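Student: If you scroll down you'll find the structure; I have some questions about it.
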Amino acid sequence: MLEYYTKYLDYNMSDKVIFSGVQPSGEIHIGNYLGAITQFVNYQADYKSIFSIVDLHAITVWQDPGALKNSTREVLAIFLASGLDESKNIIFNQSQVPEHTQLAWILSCTARVGWLNRMTQFKDKAGKNRENASIGLYTYPVLMAADILLYSASHVPVGEDQKQHLELARDIAHKFNTDYNENCFILPEPLMNKSTTRIMSLRDGSNKMSKSDISEYSRILMTDSNDQISLKIKKAKTDSLKMPDTLKGAETRLEINNLLNIYSACGLIDKEEVISKYASREISLFKKDLTEVIIKTVEPISIKTNLLLKDETYLDKVLREGASKARVIADKTIRNIYDKIGMISK
Ligand code: AQP
């Protein structure tokens, strides 16, 4: 299999391969950027990377068809504007590579119902209305396992919330290897992102910043104008105290703590340094400076993204070419797996 990587991506046999996905389930926010996309950009140097815009995952909850197409192109444009190189990495949208769903079906015959029943993200997302959730939302982690195993990814960047799904992917790979008495799948390792904390909603510091939050004031979008950023930070929920003067003091105040994390991540400044800079000062002064720090991060990406979005033909070509490269590897995996389980393929 690895000779395919070598041919299409200048891979060496010893290379480490990462797979990661972003759902086109809405507009990309600064949490996605700081928590995932900046990491992808850093990984490019050390890993052969496969980045997928996972539209099949997105439709596990209802997506407006027009909005889904726009979001898919927007995620790609933000990837490119942030510095992901489409010639060095494979970048594509998942639905153009049907092998993802082919492998997901096979793996759903390996995964056990009891394993899926333990997935906390399904419980959180389905909430009280579990009977009415889509089957896709329930089996989402099996599709995620297929995404990873299809490309023999050695590493998967994961936040806290995806750790359980990666463990499941490893369990599925291990059971498949045991059932068929062959090392068909590599067991992927997590790449934990230690530097960036989870970015929380600007309206409620106990919920993560999310594309699907009903309040547009809960998140800073990577395409927001400077005025929109300024307004959202002005409206961001805080308390009426002065700024904290210790890390411990900051951590007891969810919303202020979140704004300090955003400042630290965007400004590339240690959080303790930010705390001492603003210790006991007015929140309004901190918010003013925070707005500037965020604009410095978002504005250049937003300008490039908007330019790229004007050229749909180019964006669709990048996706098509990425999918072609991905399919070379994916097809090889499927043939191998079909053979192992006793299926005759063309
Ligand atoms: N608030 C966040 N802080 C840090 N990292 C985050 N990520 C998402 N939200 C935050 C990281 O972004 C990557 C892409 O996420 P995803 O699109 O696969 O889905 P998600 O994690 O469910 O993201 P959202 O924004 O909350 O979307 P919806 O509302 O559709 O569910 C992941 O690496 C994730 O960790």
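Student: Scan Pro141, Pro157 and give me the residue that is modelled with pLDDT under 95, within 13 Å of the ligand (Cβ to nearest atom) and not charged (D, E, K, R).
Tutor: Matching residue, one of Pro141, Pro157: Pro157.
Student: Filter region 15-41 down to residues that are assigned to a loop (DSSP other than H, G, I, E, B) and touching a residue at least 40 places away in the same chain (Cβ under 8 Å) and give me whichever is nearest to Ile329 (Cα to Cα).
Tutor: Filtering region 15-41 for residues that are assigned to a loop (DSSP other than H, G, I, E, B) and touching a residue at least 40 places away in the same chain (Cβ under 8 Å), the one nearest to Ile329 (Cα to Cα) comes out as Lys16.
Student: Got a number for residues in region 42-60 being within 11 Å of the ligand (Cβ to nearest atom), touching a residue at least 60 places away in the same chain (Cβ under 8 Å) and either surrounded by 22 or more Cβ atoms within 10 Å (Cβ to Cβ) or assigned to a strand (DSSP E or B) (or both)?
Tutor: Matching residues across region 42-60 total 4.
Student: Is it the case that Ala133 is away from the ligand (no atom under 11 Å from the Cβ), over 25 Å from Gly342 (Cα atoms), assigned by TED's automatic domain parsing to the domain that holds Ile337 and of a type in the set (A, V, I, L, M, F, W, C)?
Tutor: yes
Student: Name the pairs whose Cβ atoms lie under 7 Å apart, with the first residue in region 289-315 and surrounded by fewer than 17 Cβ atoms within 10 Å (Cβ to Cβ), the second not aliphatic (A, V, I, L, M) and not in a helix (DSSP H, G or I), and 6 or more positions between them or separate chains?
Tutor: Listed pairs, sorted by first residue: Asn306/Thr223.
Student: In region 174-216, which residues are within 15 Å of the ligand (Cβ to nearest atom) and surrounded by fewer than 17 Cβ atoms within 10 Å (Cβ to Cβ)?
Tutor: Selection gives Pro190, Met192, Lys194, Ser195, Arg198, Asp204, Ser206, Asn207, Ser212, Ile214, Ser215, Glu216.
Student: Of the numbered conditions (1) of a type in the set (Asp, Glu); (2) in contact (Cβ under 8 Å) with a residue 24 or more places away in the chain; (3) touching a helix residue (DSSP H, G or I) at 6+ places or on another chain (Cβ under 7 Å), Asp270 fails exactly one; give the number of that condition.
Tutor: Of the numbered conditions (1) of a type in the set (Asp, Glu); (2) in contact (Cβ under 8 Å) with a residue 24 or more places away in the chain; (3) touching a helix residue (DSSP H, G or I) at 6+ places or on another chain (Cβ under 7 Å), the odd one out for Asp270 is (2).
The values are calculated or read from the model by the stated rules, or taken from the named source; none is laboratory data. Here the structure is a predicted model, which is why all the values come from computation and not from measurement. Cβ sites come from the backbone with ideal geometry, for glycine too, and all protein chains shown count toward neighbours.
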